[in-house]
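Participant: Can you keep this structure in mind? I'll have questions shortly.
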Amino acid sequence: MSDSEKHVSKRTCLKSKRSRFILATVALIVIIAAVVPSVVVTTLKKNSMGPKAKVFVPLYIYPAPEAWAPLENVISTHPNVNFTVVINPGNGPGPDSLPDGNYTREIPKLTAYDNVRVLGYVHTSYGKRNFSAVRKDIQTYADWPTNSSNPNLAVRGIFFDETPQQYDAQTLTYLQGLTDFAKNLKGLGPDQFVVHNPGAIPDSRYLATADSTVVFEAAYSTFQEREGAKLFSNIADSNRTQLCAIVHSVPESVEGKHLRGLVKQVRKVAEEVYITHLSTDYYSSFGAKWTEFVDLMAA
C-alpha cells in the first residue's frame, strides 16, 4: 500500500470513529431527554403534598417555662410555614386587664416571629352568650399592647369558639356585629383576623361573617366518614382558603407514608390544619408525632 493510500485509510478510520462517537452522543442525549422529564414528573408527583396550608394550633397549654418550646422549635426551624396560634389565658383573656406573668413573658416570643399569627380565644355559647360580655373580652385583648406598654404583647384577631351551625337570622346579626367590632379595633391589627368554630359545616350564610371557619373538629374516623361522603367538597359559597380542619385521635398506626397521605388529604379540604394522634386532652400537650406533622406541612 502506498503512502497516500495509507493516509487515506487512516482518515477513513478516524472519520468512522468520529461518526460512531457522534452517533453515540446523540443517542445518549435523546435517551436523557426522554427519561429525565418522566423521572422529574414522577418525583414531583411522589413528593407533592397538594396546596400549601397553615398549621393551626389550639394552644391551650399553660405557658410554664419551656412548656411552649415544642411550638417555638418548629416555628423557628420552618420559617416558610405559617402558623395560626390560638391562646386562651382564662376561658378568654381572663378577668384582669392583662394575663399573668407567664403569659406576658411567652406571648411576645411568639408574636416576634413573622410566620406566626396569634389569636385570642372567646366563646359565644353558640350565639347565646351576652353580646356585651363577648365585646368586653374582645376589647380586653385589643387593650393588651397599651396596658402592658409592650406592642408585642398582642393578638392579631379573635377565635370565636362555639359558634352555631343552624341558621338563625338574629344569630347571623349577632356574629356579624362581633366581627365588625373586632375589625375596627386597632389593637387587633394589622390583621383583625376572625375565625369561627362551629366544629362542623355550618349553614353557608355564616361563612361570610368570618375570615376562616372550622368546618371539622372531631376524630380521625369521623373525618374519614365525612370525606368519604364528599361533604367537604360540597360546602356552598366557600373555598378551602376560608376553611380550617382539626383532626384528633389519629391511630398510632397512621405514621410514615400513611400520615403523609392524611396530611395531604386534609390540606385539600382546608387552608388551616391541625392533626394530632392524641385521643384525650388534644390541646393541652404536644403529641409524639407533632414534629413529623409540621415537617409534612412544610413539604
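Participant: Which peptide among 120-127, 155-162 comes first, and what is the full order, when sorted by highest mean count of other Cβ atoms within 10 Å?
Facilitator: Working: 120-127: 20.8, 155-162: 24.9.
Ranked from most to least packed, the peptides come out as 155-162, 120-127.
Participant: Normalise the Cα radius of gyration of segment 50-296 by 2.2 N^0.38 Å (N = residues in it) and let me know the number.
Facilitator: Numbers: Rg = 17.4 Å, N = 247, 2.2 N^0.38 = 17.9 Å.
Here the Cα radius of gyration is 0.97 times the empirical estimate.
Participant: Roughly how many debye, to the nearest 20, is the charge dipole of segment 50-296 about its Cα centre, given +1 on each Lys and Arg Cβ, -1 on each Asp and Glu Cβ, and no other charges?
Facilitator: Details: 22 positive and 26 negative charges, 108 e Å.
With only Lys, Arg, Asp and Glu charged at Cβ, the dipole is about 520 debye.
Participant: From the phi of every residue in segment 270-287, what ³J(HN,Hα) in whole Hz does the Karplus formula 6.51 cos²θ - 1.76 cosθ + 1.60 yield, where θ is phi - 60° and glycine or proline is x?
Facilitator: 9, 7, 10, 9, 9, 10, 9, 8, 5, 10, 9, 6, 4, 10, 9, 7, 9, x
Participant: Ordered by packing density, taken as the mean number of other Cβ atoms within 10 Å over each peptide's residues, highest first, how do 285-296, 82-93 rank? Don't jump to the answer; show the numbers that get you there.
Facilitator: Working: 285-296: 18.2, 82-93: 21.0.
Averaged packing, sorted descending, gives the order 82-93, 285-296.
Participant: I would also like to ask the following. How about K257: which aspartates and glutamates have a C-alpha closer than 12 Å to its C-alpha, ignoring those fewer than 8 places off in the same chain?
Facilitator: K257 reaches E292.
Participant: For segment 125-201, what is the convex hull (Cα atoms) projected area averaged across all directions, in square nanometres?
Facilitator: Values: hull surface 20.4 nm².
If you wrap the Cα atoms of segment 125-201 in a convex hull and average its projections, you get 5.1 nm².
Participant: Within 10 Å, count the other beta carbons around each residue, average over each peptide in 128-140, 223-235, and list them highest first. Walk me through the numbers before you get to the answer.
Facilitator: On the way: 128-140: 15.8, 223-235: 13.9.
Averaged packing, sorted descending, gives the order 128-140, 223-235.
Participant: Filter the cross-link list K109/K264; K54/K230; K128/K289; K52/K289; K128/K268; K52/K230 down to pairs whose alpha-carbon distance in this structure exceeds 26 Å.
Facilitator: Values: K109/K264 30 Å; K54/K230 22 Å; K128/K289 37 Å; K52/K289 20 Å; K128/K268 33 Å; K52/K230 21 Å.
Result: K109/K264; K128/K289; K128/K268 exceed 26 Å.
None of the figures in this text is laboratory data; all of them are computed from the coordinates on show. Given the structure is predicted, the values throughout are model-derived calculations rather than measurements. A quick note on method: Cβ atoms are made from the backbone with ideal geometry, for glycine too, and the neighbour counts reach across all protein chains shown.
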